[in-house]
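Undergrad: Got a structure for you, written out below as structure tokens; questions coming shortly.
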Ligand SMILES: Nc1ncnc2c1ncn2[C@@H]1O[C@H](COP(=O)(O)OP(=O)(O)O)[C@@H](O)[C@H]1O
Ligand SMILES: [Mg+2]
């Protein structure tokens, strides 16, 4: 559905007398399959929005090219526009118009006739549960309602692909869950959905496949499961008193199932193992045998944050 | 065909939003009306005009051109608000004509200017101004071209600078000298030679002269066709340049 080859973009920004060049996107190669929810995960400033804006024909790439829904980004941007929908990060509705007016106008900007545009607007309002507020000005909407209007705008012309830039940023947990359902519904309607996010749980729970982006580059790509499996093994966190820690470390070090052992500063151990579920009983037996009392034991499956940490040396939560 | 349809779509939308808040049309007309009521009576002696009506024939055209210039130049502020709301970005991902995005907006501005011009003309009629309807319509065409040019330029600049803070001083620095050097409020007939020399390079001065000639019923005056031609060419250039800004990347 989407294929990009070496997509690049730099910005020149002026700070006082100096001009600085920011390489926002440095050669992105991607393949997105039809009918999947593809996620772009990365911290702020990673280059997600810039990539999306290039794919949506809003800015011209400095290098590379792309095919989107069968149309060539460089040679036929007008055709790309017809086949995609794009929902920008910062909103796209006008305070003084109503959701219905916005939807009809947007449909008509795609060349759809008036009567058809009105029908589509009514259908979209219904599908996104907005009918009740349809004729109220957008400025009176809640954040979640407004986001739904914006997504409805992005798909009013039934595109093959829709790009959603950070669709849940700034929403409360309930609206977020609601939005996830809406996005899954788009997929079951046969649309390919390309979202960006900086939320780990969102990428994990919602996306069929993700690409992790950092500093303008894709550092990893795959299904959430594949990516996590790549970071081999689980982590067992053993809570111990500070005094008991050295002795516990001594008795567990060298056990066959412990790949690596670290002590935690406040007391306790971190054990890297292949299979947490089978390691825990053995750890318990061993410590019991050594007569050591343990405060807690926790199994930690690798998260996408661990993937990010491994690939970039930083935690996504911190950046 | 598609272009005409797209332009009409944007024009309709913008007009609808303006009518939802028509108070702006009247705020815009308030200042010129004040000039008309309070400033014009001083003109008869100042211009050495034989009658009040003769003074109005000189003053009203200037006032209308002034309205067209300023009304147009400050339209960019509305566009910056639209940029910030993401409305422009949303329009640019659709296949709608970029020229239509500009022209639909500028035509709304032209129409709102013409409404203001009619209000002022009607008021001036109460003060014994008399103009031939044919001349008046031609004068309105000239005003429409001025407003088309200034609003298009204002939109283009707004897309370039992207912030009110940069647009306001820019528009003021452009507007003030243009205003003073065009003889809009008072004709430059009595100005020293060097000032008239500068004014000859000011396209608005030609537009004002043309409008004055029309109000004076002097349809055959060279000033009329010269004013119309210069303004039409500049309006076309302004529209072309601003439409290119719509097509280029905008954040
Ligand atoms: N129009 C622009 N001018 C200058 N720099 C920009 C512009 N757009 C984005 N950038 C820079 O490019 C980098 C990537 O930004 P962006 O694509 O918005 O990241 P993300 O969406 O992942 O947060 C950032 O450093 C940002 O400051
Ligand atoms: Mg972004």
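Values in this text are rule-based calculations from the coordinates and carry no lab data. These numbers were taken from a predicted model, which means no experiment stands behind them. Here the Cβ positions follow ideal geometry from the backbone for every residue, glycine too, while neighbour counts run over all protein chains shown.
Undergrad: Let me make sure I get this right: for the range B:104-207, a, b and c are the square roots of the gyration tensor eigenvalues over alpha carbons, sorted descending. Under 1.5 in a/c it's rounded, otherwise prolate if a/b > b/c, else oblate. Which is it?
TA: The shape class here is oblate.
Undergrad: Counting residues in the range A:2-227 as N, plug N into 2.2 N^0.38 Å and put the Cα Rg over that result.
TA: 1.02
Undergrad: Another question, then. Running a GNM on chain A with Cα contacts under 10 Å, which residue among A:238, A:307, A:25 ends up with the highest mean-square fluctuation?
TA: A:238
Undergrad: Further question on the same structure: Sorting A:166, A:36, A:266 on the 10 Å Cβ count, fewest up front, what's the list?
TA: So the ranking, lowest neighbour count to highest, is A:266, A:36, A:166.
Undergrad: Just need the relative contact order of chain B here, percent rounded to a whole number, with Cα pairs under 8 Å and 6+ apart.
TA: RCO, chain B: 29 percent.
Undergrad: Can I ask one more? For B:12-19, what's the mean count of beta carbons from other chains sitting within 10 Å of each residue's beta carbon?
TA: The per-residue average across the peptide is 2.
Undergrad: Helix B:133-161 versus the longest principal axis of chain B: what angle, 0 to 90°, nearest 10, using Cα atoms?
TA: Long axis of B:133-161 versus the principal axis of chain B: about 40 degrees.
Undergrad: P(r) for the range B:64-115: what percent of alpha-carbon pairs falls in each 5 Å bin, starting at zero?
TA: Cα pair-distance distribution for the range B:64-115, in percent: 4, 17, 25, 23, 16, 9, 4, 1.
Undergrad: The range A:1-56 to the range B:25-54: how many Å between their Cα centroids?
TA: 58
Undergrad: Next up: How would the range B:1-144 be classified by its alpha-carbon gyration tensor: rounded, prolate or oblate, with rounded meaning a/c under 1.5 and the a/b versus b/c comparison settling the rest?
TA: It is prolate, given that a/c is not under 1.5 and a/b is the larger ratio.
Undergrad: Please report the antiparallel percentage of the DSSP beta bridges confined to chain A, to the nearest 5.
TA: Roughly 70 percent of the beta bridges in chain A run antiparallel, per DSSP.
Undergrad: If you take the C-alpha gyration tensor of the range A:138-234, multiply each eigenvalue by 5 and take the square root, what semi-axes do you get, largest first, in whole Å?
TA: Over the Cα atoms of the range A:138-234, the ellipsoid semi-axes are 26, 16, 13 Å.
Undergrad: Could you work out how far the C-alpha centroid of the range A:286-319 sits from that of the range B:86-130, in angstrom?
TA: 64
Undergrad: Also: Kindly express, to the nearest 10 degrees and within the range 0 to 90, the angle between helix B:76-85's C-alpha long axis and the longest C-alpha principal axis of chain B.
TA: The helix B:76-85 is inclined about 20 degrees to chain B.
Undergrad: Quick one: compute the contact order of the range B:39-165, relative version, from alpha carbon pairs under 8 angstrom and 6+ residues apart, as a percent.
TA: 44
Undergrad: Rank A:297, A:218, A:151 by mean-square fluctuation in a GNM of chain A with C-alpha springs under 10 angstrom and give only the top-ranked residue.
TA: Looking only at A:297, A:218, A:151, the biggest GNM fluctuation is shown by A:297.
Undergrad: When DSSP beta bridges are limited to those with both residues in the protein assembly as shown, what percentage is antiparallel, rounded to the nearest 5?
TA: 70
Undergrad: If you don't mind, there's one more thing I want to ask. For B:171, A:54, B:1, what's the fewest-to-most ordering of other Cβ within 10 Å of each Cβ?
TA: B:1, B:171, A:54
Undergrad: Here's another thing I want to ask about it. Once you order the gyration tensor axes a ≥ b ≥ c over the Cα atoms, which shape class does chain B get: rounded for a/c under 1.5, otherwise prolate or oblate by comparing a/b with b/c?
TA: Since a/c reaches 1.5 and a/b is larger than b/c, the shape of chain B is classed as prolate.
Undergrad: Using Cα pairs closer than 8 Å and at least 6 residues apart in sequence, work out the relative contact order for the range A:133-229, in percent.
TA: 21
Undergrad: Let me ask another. May I ask for the angle, rounded to the nearest 10°, between helix A:276-289 and the longest principal axis of chain A, with both axes built from Cα atoms and the value confined to 0 to 90°?
TA: Taking Cα atoms only, the helix is inclined about 30 degrees.
Undergrad: Here's another thing I want to ask about it. Only counting other Cβ atoms within 10 Å, I'd like B:179, B:195 sorted with the fewest neighbours first.
TA: B:195, B:179
Undergrad: Just from the alpha-carbon atoms, what are the Rg and Dmax of the protein assembly as shown in angstroms?
TA: 32.7, 119
Undergrad: Let me ask something additional. How many angstrom lie between the C-alpha centres of the range A:169-194 and the range A:107-161?
TA: 15
Undergrad: Next question, about the same structure. When the convex hull of the C-alpha atoms of the range A:1-67 is computed, what volume per residue in Å³ does it have?
TA: In the range A:1-67, the Cα convex hull volume per residue is 87 Å³.
Undergrad: So what is log10(I(q)/I(0)) for the range A:218-319 at q = 0.19, 0.22, 0.24 1/Å, when the Debye sum runs over its Cα atoms only?
TA: For the range A:218-319 at q = 0.19, 0.22, 0.24 Å⁻¹, log10 I(q)/I(0) is -0.92, -1.10, -1.23.
Undergrad: Continuing with the same structure: With springs connecting C-alpha atoms under 10 Å apart, model chain A as a Gaussian network and identify which of A:45, A:16, A:154 has the largest mean-square fluctuation.
TA: A:16
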